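Only the coordinates and a few stated rules stand behind these numbers; no lab work does. No experiment lies behind these values; they were computed from the predicted model shown. All Cβ positions, glycine included, derive from the backbone under ideal geometry; neighbour counts span all protein chains shown.
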Amino acid sequence: MQFNLEKTDPESQARAGTITLDHGPVETPIFMPVGTVGTVKGVHQRELSQDINPDIILGNTYHLYLRPQTDILEKAGGIHKFMNWDRNILTDSGGYQVYSLSANRKIKEEGVKFKSHIDGSMHFFTPENVMEIQRTIGADIIMAFDECTPYPCDYKYAKRSMHMTHRWLDRCISHLEKTPLKYDYNQTFFPIVQGSTYKDLRKQSAEYIASVGAAGNAIGGLSVGEPAEEMYAMTEVVTDILPEDKPRYLMGVGTPINLLENIALGIDMFDCVMPTRNGRNGMLFTAHGSINIKNKKWEDDFSPIDDMDITWVDTAYSKAYVRHLFKVKELLGMQIATIHNLGFYLWLVREARKHILAGDFTSWKNKMVKQMDKRL
Ligand code: PRF
């Protein structure tokens, strides 16, 4: 993997760059659509590649390990072939899903014992087996196995957990060195900063993570219920320390406004279920604020869902029609909302990139934040 930093905004820490991976270049800042179980829910690969057009999408180790299971992915020749996606993929390690989804999980130094949310079966994740699973899934970027602390989290727990995440990181790295690649392309490993909402812990964690010299670095444990201002304060502490010449990935973030504020603090990569999940619930994001398409006020509004016409669905369908689809629970409503929202998120990060390159990111960002902070 190579990272070429093209420009930094004069008035903020925002950066534009290009990450080069074996399944093509990734222009940053980037938003990665979430494809948890090997599908970006509700979108065909053709629509994803042609209409939404991301350079990279995300998959989840936890989910893929449970279903279809790693032996099937290995027989398929890896996740790209299995799901017919020939651009880049990043897999999260399960270090978040295991805490948020599974029941009866027991976290120990050795690893995490957990009960599947599907059938109640027992499983054990360790830094070592999670690296092997990610080798078999075959994503281009693979993540360290970490513990994502909840919010709020007491200082003592956050500190102990952070140190364990650091020890797990050492185990991930030494095991990866012994685990050969399964397919004919490279995999790049990203470690994850933790430390909850404590500045001193975040600083310590960022220094530790920077010291391992990985090709890219991630920030976890944020957007777990803390106020946005607290998230931004933590991002700032960490981006100040993480190396400038490596991409920085803020995991599981966030709203369109969160994206722009964190880009301003030096983040290059994001992923979040919000555009897809909220879309399936009838929430449409636009440059002028968010719309609850199920609202009665759209019943006879035959104007396009978004006159910006970013993806073809924006002007092909009226608000009244999409509201109707949601009301009668037709699949097409969710599909339209998903394509629209992902199209909007990708547009937003591409615009951010354009404005960083043009040198007027900060004034554009401030205008957009004000504009998007509305419910229509
Ligand atoms: N760790 C991992 N994945 C994550 C997170 C984390 O802390 C988050 C936190 N927002 C989202 N996804 N491994």
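Counting lysine pairs in the range 212-354 whose alpha carbons fall under 21 angstrom apart, excluding pairs fewer than 8 residues apart on the same chain, gives 12.
Pairing the Cα long axis of helix 228-239 with the longest principal axis of the chain, what angle in degrees results, from 0 to 90 and rounded to the nearest 10? Roughly 50 degrees between the two axes. Considering only C-alpha atoms, what is the centroid distance from the range 199-234 to the range 319-347, in Å? Taking the Cα centre of the range 319-347 as reference, the centre of the range 199-234 is 34 Å away.
Starting from the Cα gyration tensor of the range 118-181, take the square roots of the eigenvalues, sort them a ≥ b ≥ c, and report rounded, prolate or oblate (rounded when a/c is under 1.5, otherwise prolate if a/b is larger than b/c, else oblate). Because a/c hits 1.5 or more and a/b fails to exceed b/c, the range 118-181 counts as oblate.
Seen against the Cα atoms of the chain and their longest principal axis, helix 361-372 is set at about 60 degrees.
Taking Lys and Arg as +1 and Asp and Glu as -1, the other residues whose beta-carbon sits under 10 Å from that of Gly282 total +4. 3J(HN,Hα) along the range 125-138, derived from phi through the Karplus expression 6.51 cos²θ - 1.76 cosθ + 1.60 where θ = phi - 60°, amounts to 9, 10, x, 5, 6, 5, 5, 5, 4, 5, 4, 6, 4, x Hz, with x in place of Gly and Pro.
Counting other beta carbons within 10 Å of each residue's own, what order do Lys365, Lys108 fall into, fewest first?
Details: Lys365 24, Lys108 10.
Ranked by crowding around the Cβ, least crowded first: Lys108, Lys365.
For the chain, the antiparallel share of DSSP beta bridges with both residues in that region comes to about 50%. The distance from the alpha carbon centre of the range 251-275 to that of the range 141-170 is 21 Å, rounded to a whole number. Electrostatic tally near Ile291: other residues with Cβ closer than 11 Å to its Cβ, Lys and Arg +1, Asp and Glu -1, net +4.
Multiplying each eigenvalue of the alpha-carbon gyration tensor of the chain by 5 and taking the square root yields semi-axes of 32, 25, 20 Å, largest first, rounded to whole angstroms.
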